[in-house]
Structure formats: C-alpha cells, structure tokens
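Working notes, beginning with the structure itself.
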Amino acid sequence: MRQKRYAIGADIGGTNLRVALVDREGKIVERIKTSSTETDDVFDSLVSAIDRFYSDDVAGIGIGVAGVIERAKGIVKRSPNLPSVEGIGFIDGIRQKFSLPVYIENDANAAALGESWTGAGREFNSFVLFTLGTGIGGGVIYDGHLLDIAAELGHISIEADGVRCPCGNNGCLESYASARAMTGRAVESIESGTESLMKGCCEGNVYKISPEDIYSYALEGDNLARETLKTAGRYLGVGIASAINIFSPEAVILAGGLIGAWNIYVETAIKEASKRAFPEIYGSTKILPSLLKDDAGVIGAACLVFDKTNS
Ligand SMILES: [Zn+2]
C-alpha cells in the first residue's frame, strides 16, 4: 500500500494553538495559529483546525500539549499553565472524530523531537531542550531517542523558600526565569518606585508590558530592563547547569520567544551555567538556539505519527 504523505501536528501551548500539515521530510505544507487562552474550548478549536487539513493522504495526528501527560490514556493529568486542558481525553476524542491514529506528547518533548528530526538537534545524539516562554518546558533526547519522561525542567527547584508555583512547589525555575517572571519583576520594581523608562510603556499601562518591550528598553540603555533580563538569565543559568550535570548532553538547545533577547538574557545564563556545571561536562556541551523556532512543536508532533505508523 502506498504510504500516506502527510501527518497533522498540533501544538497546544500556554498561549497559542498551532496546527500544521507536515510531510515526510518534516516540511510544513500549511499551518494555522490561534490563541489557546482566548478560546473557551481548546478541544473544539483543535478539531476544527485538524478538519481543515484532514484528507485521505494523512497518516495520523500528533498532539503536543503543555502539561504532564498520561500517554496510555491520552489525557493531560496536570497543566499549571493551561488548566483548561486537564482531564480532556485527546486521543479518544480526536480518534472518534477522524478515525486516524492519534498520539500525544508533552509540548516541549514534542519540540525536542522536532529539533532532533529537522532542527538544531539533527547533529546530536543527546541534547536537552528548554522552551523559554510564558512558562519553561523541557525535553530530553538521549541516545537518539526522545526520553519517555516528564522532563519538567521549568520546575527544577532553584530557591528552597522561593515563591509559590502553580505546580504546588516553591522556588521553581519557571517562577524566576520565564516571560511571566520577567514581566512580573519589572512591574513590581516600577510599582515600588524604581526609576525606569518602562514607566512610559504601553501608554502608561505597565501591566501590559511584554518581554519584547523589556528587551527593547534594555537596548535603549534602561537599567531596570537590563537588570530584569539579567536576573532572569542568571536563574536560567542555574537551571541549565543542573540539566548539564544530570544529563551530560552534547548540546543544550534553547527555544521559545525569549531567545530573542539572546545577547542579554541567554548570554547571562550561559555565563552562569559555565560557572556552576562540572567543567569536565560543561566543556563538551554546546549551548545553541533552536532552528525551527515556533514550528518545532508541530513538526515534532507530526514526527510522532511517522515514527509510529507505516501506513
Ligand atoms: Zn513549579
């Protein structure tokens, strides 16, 4: 029987729902992006997006979703950044609608798989991927395969008595190094009277400040903006050092919107990680940006399908 040419990959993150039609070379043929936070029902949005790409030439559907996944049952057990998906039976629900094989994976794990297939991870047998956005996710490729583990790298504890995280722990990396952590810290400092050009941001509504705004103020020389990025970067470096010490990966790949602030945020992180990780392990680890950027998740989700089906 002729092999079907495409897979549908979906990436349900804390901010966006992305769905794409992907071919066997890992190329995106067509894509859709919508907000996952403004929609009442993520499942319905997912179904209508899949429906646009559905055809006889689709081998299956792969779904990457933020949270801790119970793969056998195909449900999201816990998703601190996207509670609306908790308990949804994605595999059964989507299979019923489309009569195709359906696979589910954590979104950052899917992104790691995507980078491993056609992105920055192609040349490495083992790497750790951090997704740096609203929250922080992780995925681990080891010995050429995606590790079937939670890899919740954003929830490594870095401050024993630190701030409470939605996951239930205190002092998680995500609470100090993510986009949400950055904007929270910037707003708090402005409210407590720290002088900053950022006060004039967003027509005076500093609560609307984004990491991109913080970065552009930092480039203008604003001290608070710079310090905000560097503080978050320093914490990220603590997390990266732990990941390097645990996995001794050939590479650490950094993905997500925050890598746009590479020269301040990520470079501070790299400096910090270099001071903390075992030098003998750090010395053979490359730290580099994602190649697929926002597409890594959908490409990885499609890869799940091609890896597991031969139809
Ligand atoms: Zn946490």
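The values are calculated or read from the model by the stated rules, or taken from the named source; none is laboratory data. Since the structure is predicted, the reported quantities are computational estimates derived from the model, not experimental observations. When we count neighbours, we look across all protein chains shown, and the Cβ atoms used for this are built from the backbone with ideal geometry, even at glycine.
Any chance you could count how many residues in segment 138-189 are within 20 Å of S290 (Cα to Cα), in contact with a Leu (Cβ under 7 Å, 6 or more places away or on another chain), among the small types (G, A, S) and more than 11 Å from the ligand (Cβ to nearest atom)?
Residues flagged as within 20 Å of S290 (Cα to Cα), in contact with a Leu (Cβ under 7 Å, 6 or more places away or on another chain), among the small types (G, A, S) and more than 11 Å from the ligand (Cβ to nearest atom) within segment 138-189 amount to 4.
Please state which of the following conditions G168 fails to meet, knowing it meets all the rest: (1) in contact with a Gly (Cβ under 7 Å, 6 or more places away or on another chain); (2) not in a strand (DSSP E or B).
(1)
All but one of (1) out of contact with any Asp or Glu (no Cβ under 8 Å at 6 or more places or on another chain); (2) within 16 Å of the ligand (Cβ to nearest atom) hold for G135; state the number of the condition that does not hold.
Result: G135 fails condition (1) only.
Could you list, in sequence order, all residues of segment 38-58 that are modelled with pLDDT under 95 and part of a loop (DSSP other than H, G, I, E, B)?
E38, T39, D40, D41
Could you identify the single residue in L173, L100 that is surrounded by 16 or more Cβ atoms within 10 Å (Cβ to Cβ) and either at pLDDT below 95 or within 15 Å of the chain's Cα centre (by Cα) (or both)?
On the way: L100 fails: either at pLDDT below 95 or within 15 Å of the chain's Cα centre (by Cα) (or both).
That would be L173, the only listed residue that is surrounded by 16 or more Cβ atoms within 10 Å (Cβ to Cβ) and either at pLDDT below 95 or within 15 Å of the chain's Cα centre (by Cα) (or both).
Tell me whether segment 47-70 contains one or more residues that are within 24 Å of R2 (Cα to Cα) and in contact with a Ser or Thr (Cβ under 7 Å, 6 or more places away or on another chain).
yes
Here is a list: A110, A49, A20. Which entry is without any contact (Cβ under 8 Å) to a residue 40 or more places away in the chain, closer than 24 Å to D307 by Cα and not charged (D, E, K, R)? First the steps, then the outcome.
Numbers: A110 fails: without any contact (Cβ under 8 Å) to a residue 40 or more places away in the chain; A20 fails: without any contact (Cβ under 8 Å) to a residue 40 or more places away in the chain.
Just a single option satisfies the conditions, and that option is A49.
When you check S116 against the structure, is it within 13 Å of the ligand (Cβ to nearest atom) and either polar (S, T, N, Q) or outside the structural domain of L258 (by TED's automatic domain parsing) (or both), yes or no? Lay out the reasoning, then the answer.
On the way: within 13 Å of the ligand (Cβ to nearest atom): no; either polar (S, T, N, Q) or outside the structural domain of L258 (by TED's automatic domain parsing) (or both): yes.
Spelling it out, it is not the case that S116 is within 13 Å of the ligand (Cβ to nearest atom) and either polar (S, T, N, Q) or outside the structural domain of L258 (by TED's automatic domain parsing) (or both).
Among the numbered criteria (1) touching a strand residue (DSSP E or B) at 6+ places or on another chain (Cβ under 9 Å); (2) within 16 Å of the ligand (Cβ to nearest atom), which one does G89 miss?
Result: G89 fails condition (2) only.
Right, S79: within 14 Å of the ligand (Cβ to nearest atom), farther than 23 Å from A269 by Cβ and either modelled with pLDDT of 95 or more or surrounded by 22 or more Cβ atoms within 10 Å (Cβ to Cβ) (or both) or not? Give the steps one after another, and end with the answer.
Working: within 14 Å of the ligand (Cβ to nearest atom): yes; farther than 23 Å from A269 by Cβ: yes; either modelled with pLDDT of 95 or more or surrounded by 22 or more Cβ atoms within 10 Å (Cβ to Cβ) (or both): yes.
Yes: the conditions hold for S79.
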